[in-house]
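Taken together, the values in this text are just the output of simple stated rules run on the coordinates, not laboratory data. Predicted, not measured: the structure shown is a model, and the values here were computed from it. A quick note on method: Cβ atoms are made from the backbone with ideal geometry, for glycine too, and the neighbour counts reach across all protein chains shown.
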Amino acid sequence: MNSTLAPHARLSPTPVIALHCSGSGAAQWRKLGEALGARHAFVVPEHYGCDNTGPWSGERAFTLADEAARTVGIIDAACDKVHLVGHSYGGAVALRAALERPQRIASLTLYEPSAFHLLKLMGAHGAHALTEILAISQRTADGVVCGDYRGAAASFVDYWSGRGAWEALRPSAQAALTRWAPKAPLDFRALLDERTPASAYRSLRVPALILRGQHAPVPSRAIAERLPMLLPKARLAIVEGAGHMGPLTHADQVNAMIVRHIGDADTVA
């Protein structure tokens, strides 16, 4: 599994680029790499805020395009098209990267992508979901501003994984998330302030699989169900028994769906 790419490196045909959720890292996709085997080069870049990447530079207001730039660079270094996989924040980053290089994408697989800007375009249902996201965003930002990084991380984890999820984590995982917590408000703001119009997604005429857990939070459910209406060749699939963290809690089931989708896209290409 490769998490970095030298500027001069060239990837073998049809690599898979997998983008992790907020607060996670490349290790999130270890089992997916095993499921893909040697059929594809497997690249797992990490986002700003991860220990291996470091913090955002702070030179200007952070945007989703800033986060996607690393992925766009990997796409540009590839010899052929790439398959993009993303979960939550990583799904939104994957969408942004795909929009910047639509002709270089072989397929998209997105598990509950956090494209929160779309909620603003979805009427009363979207407004309700947006209010829910704004609340957790504010709660996380308040914790960071006052220096309670641990409390901010705990609120974040319990929202996405359910009450008590934070306390169930290993101390090492809690410590890692506490170090990451100052990045959380940047992620939320970048997702909420993204200015891509819904019409832009029509340019992504690639096989797209949108996955959501059976127990997806309201905002994630709304976005997952709207995207197939915007992406010309998208379909929605539900992972039974899973919630927002399905790629981790139901890894075998989710990875099998991802591998099948990538294989189908390769067959058609």
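Computed values, structure above
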| quantity | calculated |
| --- | --- |
| Charge dipole magnitude, Cβ of K and R +1, D and E -1 - the chain, Cα centre, debye nearest 20 | 460 debye |
| Whole-Hz couplings from phi, Karplus 6.51/-1.76/1.60, listed for segment 30-39; x for Gly and Pro | 4, 5, 5, x, 5, 5, 6, x, 8, 6 |
| Packing rank of 239-248, 169-178, 125-134, where each peptide gets the mean count of other beta carbons within 10 Å, highest leading | 239-248, 125-134, 169-178 |
| Entry for semi-axes √(5λ) of the Cα gyration tensor in Å (calculated from the structure that is shown) out of (1) 27, 21, 19; (2) 32, 21, 16; (3) 39, 27, 14 | (1) |
| Share of Cα-Cα pairs in segment 123-187 lying beyond 18 Å, as whole percent | 37 percent |
| Average Cα contact separation per residue, the chain, under 8 Å, 6 or more apart, as relative contact order % | 20 percent |
| Segment 161-269: radius of gyration and largest Cα-Cα distance (Dmax), Å | 16.6, 46 |
| Gain in span if fully extended, ALA175 to GLU34, counting 0.36 nm per residue against the direct Cα distance | 48.0 nm |
| Whole-Å distance, taken between Cα centres, linking segment 191-269 and segment 128-159 | 25 Å |
| Placed amide H near TYR111: partners under 5 Å, 5+ positions off or other chain | GLY86, HIS87, SER88, LEU211 |
| Cα-based Lys pair tally, the chain, threshold under 26 Å, eight or more apart or on separate chains | 5 |
| Between 0 and 90°, nearest 10: helix 171-180 axis offset from the chain longest Cα axis | 90 degrees |
